[in-house]
Structure formats: C-alpha cells, structure tokens
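The values are calculated or read from the model by the stated rules, or taken from the named source; none is laboratory data. All values derive from a computational prediction rather than experimental measurement. Neighbour counts run over all protein chains shown; Cβ positions are idealised from the backbone, glycine included.
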Amino acid sequence: MPFEIFSLTRDDLLDWVHLHYLAFDPLLPSLYTSPPSEESFARLARDRLKALEFPSASIFKAMDTDTNKIIGVAYWKIYTSERTMEEVESEFVLPDPQPETRVEVRNGKWAGIWASRCEVMGGNPHVLLESLAVLPEYQRQGVGTTLVQWGVDQANK
C-alpha cells in the first residue's frame, strides 16, 4: 500500500478526529459514555483548529495514494527555546467536553500527563509527539514509523 506524507490542512480536521477515534477505539469506552455523535465530532474538529494554528505545531497526515484517504496523523510540538513555567502551563487548557465525555476520567488523564510534562520537560527546549494515530487496518505497515521519523529528525538537528 503506497502512502505519502503531507501537512494537515483545515479541510482535514473532521477526518483527523474520526481517525483518532477509530485508532483508539478499544480504549475509549472508559472516556466516553457512548460513541460521540456527528455533532460532537464536528465540535472536536473545530477544537482541533487551535492545534493547527498553534505556533510550535507541525501536524502531518499520511495519505493512501491509491484511495486518497488519510490513514495516519502525527501532531508534533517543537519548542526551540526555553519557556517560563507560566508559558508552559498556559497551554494546559482542555476544550469544553462533548456530551458523551466522562469528564472526571478525561480530567484525571490529562492532569497526569500535564504533571509529567512539567516535571520532565518543563520549559526546556524539546520536541514533543502530542498525538500519533493510524487507522487500525493500516497499522504495522510503516505509517506510524514514517510519521515518527519526522520528529526524530527534528530532534536530532
């Protein structure tokens, strides 16, 4: 299956949230009371627009060139200079939850992630893989590896 890597665009946001949901489907029953509605997916896509516009963000999609389908997405953040802890903490803002979200589970999950990021990376320069998702039927075919390699190359510069 041939694929190529491209920058994610605004037009890809809804596909990204659907792909992310499908890639993590086995883990999501703990996070959601039921699958998100199409309205919730649309809201999630609008929330992801902030990620696309984030100054340190680099978001890439893997496209199956036979079907023109997005099969994977990697969301990287690259911090090339030191930041204050206030700047770091200002990024820790969750969007409003969807009606199907188990808010206490989501908040607990992110509190742990953010605490670890503060402790390990703090305001130091670093490259962060914020999110990596590959559709299940395309996993173990080099898509994730290719998307990760970009960030590894950035970190080694």
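Here are the numbers for the structure shown:
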quantity: Qualifying residue in the stretch 75-83 (condition: under 14 Å from ASP15 (Cβ atoms), touching a strand residue (DSSP E or B) at 6+ places or on another chain (Cβ under 6 Å) and surrounded by 18 or more Cβ atoms within 10 Å (Cβ to Cβ)); calculated: yes
quantity: Some residue of the stretch 138-150 being within 15 Å of the chain's Cα centre (by Cα), modelled with pLDDT of 95 or more and not aliphatic (A, V, I, L, M); calculated: yes
quantity: The stretch 142-157 residues that are farther than 12 Å from MET63 by Cα, paired with ones that are of a type in the set (Asp, Glu) (beta carbon under 9 Å, 6 or more apart); calculated: none
quantity: Within the stretch 38-68, considering residues that are of a type in the set (Lys, Arg) and touching a helix residue (DSSP H, G or I) at 6+ places or on another chain (Cβ under 8 Å), the one farthest from ILE5 (Cα to Cα); calculated: ARG46
quantity: From the options ALA42, ALA23, residue that is farther than 25 Å from GLN149 by Cβ and surrounded by 11 or more Cβ atoms within 10 Å (Cβ to Cβ); calculated: ALA42
quantity: Pairs where the first residue, in the stretch 22-36, is aromatic (Phe, Trp, Tyr) and the second is part of a loop (DSSP other than H, G, I, E, B) and surrounded by 12 or more Cβ atoms within 10 Å (Cβ to Cβ), C-beta under 8 Å, 6+ apart; calculated: TYR32/GLN98; TYR32/GLU100; TYR32/ARG102
quantity: Subset of the stretch 106-138 (residues that are in a loop (DSSP other than H, G, I, E, B) and either of a type in the set (Gly, Ala, Ser) or without any contact (Cβ under 8 Å) to a residue 60 or more places away in the chain (or both)); calculated: MET121, GLY122, GLY123, ASN124, PRO125
quantity: Selection from the stretch 45-64 of residues that are crowded, with 16+ Cβ neighbours inside 10 Å and more than 21 Å from ILE78 (Cα to Cα); calculated: ALA45, MET63, ASP64
quantity: Residue tally, condition aliphatic (A, V, I, L, M) and in contact with a His (Cβ under 9 Å, 6 or more places away or on another chain), over the stretch 77-99; calculated: 1
